[in-house]
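K.L.:
Pasting in a structure now, in structure tokens, and then I'll have a few things to ask.
The values are calculated or read from the model by the stated rules, or taken from the named source; none is laboratory data. Note that the coordinates shown come from a computational prediction; the quantities given were computed from them, not determined experimentally. Quick reminder, even Gly has a Cβ in these numbers, built from the backbone with ideal geometry, and neighbours come from all protein chains shown. Just the protein is used for accessible areas: all its heavy atoms, side chains included, with ligands, DNA and RNA removed. Shrake-Rupley method; radii C 1.70, N 1.55, O 1.52, S 1.80 Å.
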Amino acid sequence: MDKFKVIIVEDVKLELKGTEEIFRNEIPQADIIGTAMNEADFWKLMNQDVPDLVLLDLGLGGSTTIGVDICRRLRKQYAGVHVLIFTGETLNEKLWVDVLDAGADGIILKTGELLTKGDVQSVMDGKRMVFNQPILAKILQRFRQSVLMESRRQEALVDYDIDEYDERFLRHLALGYTKDMIAQLRGMPFGVKSLEKRQNDLVARLFGGTERSVNATRLVTRAFQLRILDIDNLEADDD
């Protein structure tokens with residue numbers, strides 16, 4: 001690894017000292033040209049000397065959003081500067097998404113293996129999405145859940161013989177559309193009477209013929225229970 005300049009942004013003195021020790025002992029190629037404990041001091045340092053890498057804590061002065069704002073501004077004003085997040089925010093996953101959207105090169109959680117030479121090397125080599133083991137485990141868990149949910153949905157579509165018109169009909173019922181409104185959709189080539197017949201047919205399939213008096217609300221609820229409908233992807237078709 002070639003020599004490079006780094007600024008560390010951390011508002012807890014003990015953690016700042018520990019991070020400096022990691023660089024001195026594990027990453028001697030890093031030249032720490034400054035440390036900052038708040039946003040104002042950080043921008044003063046940036047005006048004095050532009051680093052190759054900013055190691056940025058997300059939470060500064062009790063705020064969890066300042067780090068995201070700093071990252072976004074760095075991307076606009078100093079596009080060539082690498083930004084690696086080093087944070088103790090282990091539960092606020094939305095914050096991780098926000099800072100990645102703001103342009104961070106990666107996130108290292110202050111748990112497990114902490115910051116390693118390999119993490120820093122990856123960022124300096126231009127790699128994006130650099131994560132340490134604790135955050136990778138969380139990402140894998142969410143990925144696994146997503147895959148399993150989609151697999152169950154596909155199985156439900158097959159098991160209950162749901163075609164694209166069944167799904168579209170159920171989805172729009174869930175969105176509060178009446179049969180008259182659904183019949184007017186460009187992608188739905190059926191009249192109201194045909195939709196009533198389709199609804200009765202869906203009731204028979206989804207309830208196994210054990211229920212007869214099932215309204216649209218119960219039918220939609222059943223579709224959610226069987227994962228035929230995905231509440232996270234419940235959008236209307238273009239009229």
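K.L.:
Working only within region 179-190, note down all residues that are open to solvent by less than 50 Å² (accessible area, probe 1.4 Å) and assigned to a loop (DSSP other than H, G, I, E, B).
P.N.:
Those that are open to solvent by less than 50 Å² (accessible area, probe 1.4 Å) and assigned to a loop (DSSP other than H, G, I, E, B): 185, 187, 188.
K.L.:
Now a separate question. Inside region 208-239, can you point out the residues that are at pLDDT 90 or above, of a type in the set (A, V, I, L, M, F, W, C) and open to solvent by 100 Å² or more (accessible area, probe 1.4 Å)?
P.N.:
Listed by number, the list is empty, since nothing qualifies.
K.L.:
Considering every residue within region 157-178, establish whether at least one is within 30 Å of residue 17 (Cβ to Cβ), open to solvent by 40 Å² or more (accessible area, probe 1.4 Å) and part of a loop (DSSP other than H, G, I, E, B). Explain how you work it out, then say what you get.
P.N.:
Initially, region 157-178 is screened for residues within 30 Å of residue 17 (Cβ to Cβ), giving none.
Taking every residue of region 157-178 in turn, none turns out to be within 30 Å of residue 17 (Cβ to Cβ), open to solvent by 40 Å² or more (accessible area, probe 1.4 Å) and part of a loop (DSSP other than H, G, I, E, B).
K.L.:
Out of the residues in region 93-130 meeting the condition of being outside any loop (DSSP other than H, G, I, E, B), of a type outside the set (Val, Ile, Thr) and in contact (Cβ under 8 Å) with a residue 60 or more places away in the chain, tell me which one is most open to solvent (accessible area, probe 1.4 Å). Steps first, please.
P.N.:
Taking region 93-130 as the starting set, the residues that turn out to be outside any loop (DSSP other than H, G, I, E, B) are 93-101, 106-109, 117-124, 130.
With of a type outside the set (Val, Ile, Thr) added as a condition, the list becomes 93-96, 98, 100-101, 106, 109, 117-119, 121-122, 124.
Still in the running and in contact (Cβ under 8 Å) with a residue 60 or more places away in the chain: 117, 121, 124.
On the way: 117: 86, 121: 49, 124: 45 Å².
Residue satisfying both the conditions and the ranking: 117.
K.L.:
Taking region 60-72 on its own, how many of its residues are open to solvent by 60 Å² or more (accessible area, probe 1.4 Å) and within 20 Å of the chain's Cα centre (by Cα)?
P.N.:
Number of matching residues: 3.
K.L.:
Could you look through region 191-207, keep only residues that are buried (at least 17 other Cβ atoms within 10 Å of the Cβ) and not charged (D, E, K, R), and pick out the one that is farthest from residue 158 (Cα to Cα)?
P.N.:
Checking each candidate, the answer is 195.
K.L.:
Among the residues of region 8-59, count how many are buried (at least 18 other Cβ atoms within 10 Å of the Cβ), part of a strand (DSSP E or B) and not small (Gly, Ala, Ser).
P.N.:
7
K.L.:
If you go through region 70-91 one residue at a time, do you hit one that is modelled with pLDDT of 90 or more, outside any strand (DSSP E or B) and within 30 Å of residue 237 (Cβ to Cβ)?
P.N.:
no
K.L.:
Another one. Tell me whether region 187-194 contains one or more residues that are free of Cβ contacts under 8 Å to residues at least 60 places away in the same chain and in contact with a Leu (Cβ under 9 Å, 6 or more places away or on another chain). So that I can check it myself, show each step before the final result.
P.N.:
Pass one, region 187-194, residues free of Cβ contacts under 8 Å to residues at least 60 places away in the same chain: 187-194.
So of that shortlist, the ones also in contact with a Leu (Cβ under 9 Å, 6 or more places away or on another chain) come out as 188.
Yes, the conditions are met somewhere in region 187-194.
K.L.:
If you check every pair at least six apart or on different chains, which have Cβ atoms under 8 Å apart with a residue in region 137-160 that is within 29 Å of residue 205 (Cα to Cα) and in contact (Cβ under 8 Å) with a residue 40 or more places away in the chain first and a residue that is of a type outside the set (A, V, I, L, M) and open to solvent by 70 Å² or more (accessible area, probe 1.4 Å) second?
P.N.:
From residues that are within 29 Å of residue 205 (Cα to Cα) and in contact (Cβ under 8 Å) with a residue 40 or more places away in the chain, the pairs are 149/227; 152/227; 153/227; 156/227.
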